[in-house]
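Peer 1: Below is one structure. I have some questions about it.
The values are calculated or read from the model by the stated rules, or taken from the named source; none is laboratory data. This one's a predicted model, so the numbers in the text were calculated from it and none came from an experiment. Backbone-built Cβ (ideal geometry, glycine too); neighbour counts: all protein chains shown.
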Amino acid sequence: MAVPAGEKTNPMGERIALAREADNHVEVIRLIDSLFAEGIYADALSWQYARALFQAARYDQARDSLAAWEEDPEKSTQVKNMLVTIAIQQHNDTEAIRHLIRLRERYPDNPAYPHRLARVFAARNELPAAEGQLALANRLDSLNQGVIAEWAEVLMRLDSPRRALGVLNRGLRQSPDNIGFRRQKAILDYRLQRYEAVVANVDYLMELGDTVPQVVKSMAFARYHTGRPDEAERWIDFLLDRDLWGEDLVYYKALILSDRGEKEVAGAYFREAVQGCLSPNFNPFAFQTGVNLFETGKYAETIRWFRMLSMFSNNLLITFYLAESYYQYYQDKLPALEAFQAFLDQSEAETEAEHREVARYRIRRIREDLHLQ
């Protein structure tokens, strides 16, 4: 980079120019700060200072320094673009949108500005606004593959899969080997239950060595729906063996096993799938719900509730409250006896000491009653 005229005979100017050339923005800031401290000011220095602050990601200072150049006829576009970047980095979406709208209005034929606006709107989850800007960007440049991919993604999020598929198909006509388009299309085709299209598309991708889990998963499920459960299971196992667990993978594995007649094994997978869908808070919340049912004397509901919960939780107190509910609800005390004994056989925690005392008392009473009978 040539040293600008006026800096060639100025040692400080040469040092600033060399620092700029080496992309040492912190050094540029330090050198100009030393000049400002000596009372040396000039427009050229202020501009270099603002740019260096921006490039060094000192965004608060940069924003203040750049504001002085926002209306400069030669620099305003560059300044606004830098201010947009700062606003996005600082998650000040309103400011980013304000600057981008002005840039879009100033340069209505430039697709970059509606594209950037769309990204800000999408980040704010203002999807209709994002979709409108992406449609505009596509009209201005129909060959921009980034716009096509993002437009399809926003349409999917807007639950408009057929429109998204139309956008992707146009993209694939322009670029048949675009792997990203084909991945999106596979997922879209699956949502639209176009299972044969999913299989064909993913087979093509896999010939290219592409085994992205989400796409392979869609293909596996599509093979199940097209009557090829053995092939589906092979790909489900391929993902599970690589620790790519998902409740939907486990669910389809269960379906395949169940269809094959392996009901017991299928049941374990179904339970795992259900448990995978539950919130981490499900067990404690559900346990307290059951305790509340018990404390309000709704023993039949308590029994149904805790039987369900016992499929998902190893909390021993579920067994205790089932035993108590059996004791209160049934004339036949044998189910209660078995449940109390099962609780005692496993309970060791100090927090369960009182429950163990109750269980021992109940067991003595039941055995005495049985002996009298």
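Peer 1: Quick one: which helices (runs of 4 or more DSSP H) lie wholly within segment 87-202 and hold at least 1 residues that are more than 29 Å from residue 216 (Cα to Cα)? First the steps, then the outcome.
Peer 2: Values: elements: 93-106, 112-123, 127-140, 145-157, 161-174, 179-191.
By residue number, 93-106, 112-123, 127-140.
Peer 1: Report whether or not residue 64 is at positive phi and surrounded by fewer than 14 Cβ atoms within 10 Å (Cβ to Cβ). Steps first, answer last, please.
Peer 2: Values: at positive phi: no; surrounded by fewer than 14 Cβ atoms within 10 Å (Cβ to Cβ): yes.
The answer is no for residue 64.
Peer 1: Can you name the number of the only condition in (1) among the hydroxyl-bearing types (Ser, Thr, Tyr); (2) buried (at least 17 other Cβ atoms within 10 Å of the Cβ); (3) part of a helix (DSSP H, G or I) that residue 313 fails?
Peer 2: (3)
Peer 1: Would you point out the residue of segment 283-306, among those that are assigned to a helix (DSSP H, G or I) and β-branched (Val, Ile, Thr), that is farthest from residue 330 (Cα to Cα)? If you could, list the steps in order and put the result at the bottom.
Peer 2: Pass one, segment 283-306, residues assigned to a helix (DSSP H, G or I): 283-295, 299-306.
Narrowing further to those that are β-branched (Val, Ile, Thr): 289, 291, 302-303.
Working: 289: 21, 291: 18, 302: 13, 303: 11 Å.
Among those residues, the one meeting the criterion is 289.
Peer 1: Mind checking which residues of segment 108-119 are in contact with a Phe, Trp or Tyr (Cβ under 9 Å, 6 or more places away or on another chain) and touching a residue at least 24 places away in the same chain (Cβ under 8 Å)? Can you show your working first?
Peer 2: Step one: list which residues in segment 108-119 are in contact with a Phe, Trp or Tyr (Cβ under 9 Å, 6 or more places away or on another chain), which gives 113, 118.
118 - this is the single residue of segment 108-119 that is in contact with a Phe, Trp or Tyr (Cβ under 9 Å, 6 or more places away or on another chain) and touching a residue at least 24 places away in the same chain (Cβ under 8 Å).
Peer 1: Here is a further query. Take residue 203 and tell me if it is at positive phi, out of contact with any Asp or Glu (no Cβ under 7 Å at 6 or more places or on another chain) and surrounded by fewer than 14 Cβ atoms within 10 Å (Cβ to Cβ). Can you show your working first?
Peer 2: Details: at positive phi: no; out of contact with any Asp or Glu (no Cβ under 7 Å at 6 or more places or on another chain): yes; surrounded by fewer than 14 Cβ atoms within 10 Å (Cβ to Cβ): yes.
Against the criterion (at positive phi, out of contact with any Asp or Glu (no Cβ under 7 Å at 6 or more places or on another chain) and surrounded by fewer than 14 Cβ atoms within 10 Å (Cβ to Cβ)), residue 203 does not qualify.
Peer 1: In segment 254-264, what count of residues is obtained for those that are surrounded by 13 or more Cβ atoms within 10 Å (Cβ to Cβ) and within 33 Å of the chain's Cα centre (by Cα)? Give the steps one after another, and end with the answer.
Peer 2: Taking segment 254-264 and keeping what is surrounded by 13 or more Cβ atoms within 10 Å (Cβ to Cβ), we get 254-258, 260, 262.
Restricting the remaining residues to those that are within 33 Å of the chain's Cα centre (by Cα) gives 254-258.
The total comes to 5.
Peer 1: Could you list, in sequence order, all residues of segment 265-282 that are surrounded by fewer than 13 Cβ atoms within 10 Å (Cβ to Cβ) and either in a loop (DSSP other than H, G, I, E, B) or of a type in the set (D, E, K, R) (or both)?
Peer 2: 279, 280, 281 - these are the residues of segment 265-282 that are surrounded by fewer than 13 Cβ atoms within 10 Å (Cβ to Cβ) and either in a loop (DSSP other than H, G, I, E, B) or of a type in the set (D, E, K, R) (or both).
Peer 1: May I pose another question? Being over 29 Å from residue 215 (Cα atoms) and surrounded by 14 or more Cβ atoms within 10 Å (Cβ to Cβ) is the requirement here; does residue 86 meet it? Walk me through how you get there before you give the answer.
Peer 2: On the way: over 29 Å from residue 215 (Cα atoms): yes; surrounded by 14 or more Cβ atoms within 10 Å (Cβ to Cβ): yes.
In short, yes.
Peer 1: Here is a follow-up. Based on what the data block shows, is residue 328 surrounded by 11 or more Cβ atoms within 10 Å (Cβ to Cβ), part of a helix (DSSP H, G or I), of a type in the set (S, T, N, Q) and within 30 Å of the chain's Cα centre (by Cα)? Working first, answer last.
Peer 2: Working: surrounded by 11 or more Cβ atoms within 10 Å (Cβ to Cβ): yes; part of a helix (DSSP H, G or I): yes; of a type in the set (S, T, N, Q): yes; within 30 Å of the chain's Cα centre (by Cα): no.
In short, no.
Peer 1: Here are the criteria: (1) closer than 22 Å to residue 369 by Cβ; (2) touching a residue at least 12 places away in the same chain (Cβ under 8 Å); (3) acidic (Asp, Glu). Tell me which single one residue 352 does not satisfy.
Peer 2: Going through the list (1) closer than 22 Å to residue 369 by Cβ; (2) touching a residue at least 12 places away in the same chain (Cβ under 8 Å); (3) acidic (Asp, Glu), residue 352 breaks only (1).
Peer 1: Examine segment 242-253 for a residue that is assigned to a helix (DSSP H, G or I), surrounded by 15 or more Cβ atoms within 10 Å (Cβ to Cβ), outside the structural domain of residue 322 (by TED's automatic domain parsing) and without any contact (Cβ under 8 Å) to a residue 24 or more places away in the chain, and state whether such a residue exists.
Peer 2: Looking for residues that are assigned to a helix (DSSP H, G or I), surrounded by 15 or more Cβ atoms within 10 Å (Cβ to Cβ), outside the structural domain of residue 322 (by TED's automatic domain parsing) and without any contact (Cβ under 8 Å) to a residue 24 or more places away in the chain, one finds at least one in segment 242-253, hence yes.
Peer 1: Working only within segment 203-232, note down all residues that are in a loop (DSSP other than H, G, I, E, B) and modelled with pLDDT of 90 or more.
Peer 2: Pass one, segment 203-232, residues in a loop (DSSP other than H, G, I, E, B): 208-212, 226-228.
The answer is 226, 227, 228.
Peer 1: Taking the criterion of being over 21 Å from the mean Cα position of the chain (by Cα) and closer than 30 Å to residue 205 by Cα, would at least one residue in segment 61-72 satisfy it? Show your work before the answer.
Peer 2: Of all residues in segment 61-72, those over 21 Å from the mean Cα position of the chain (by Cα) come to 61-72.
Checking which are closer than 30 Å to residue 205 by Cα leaves us with none.
No.
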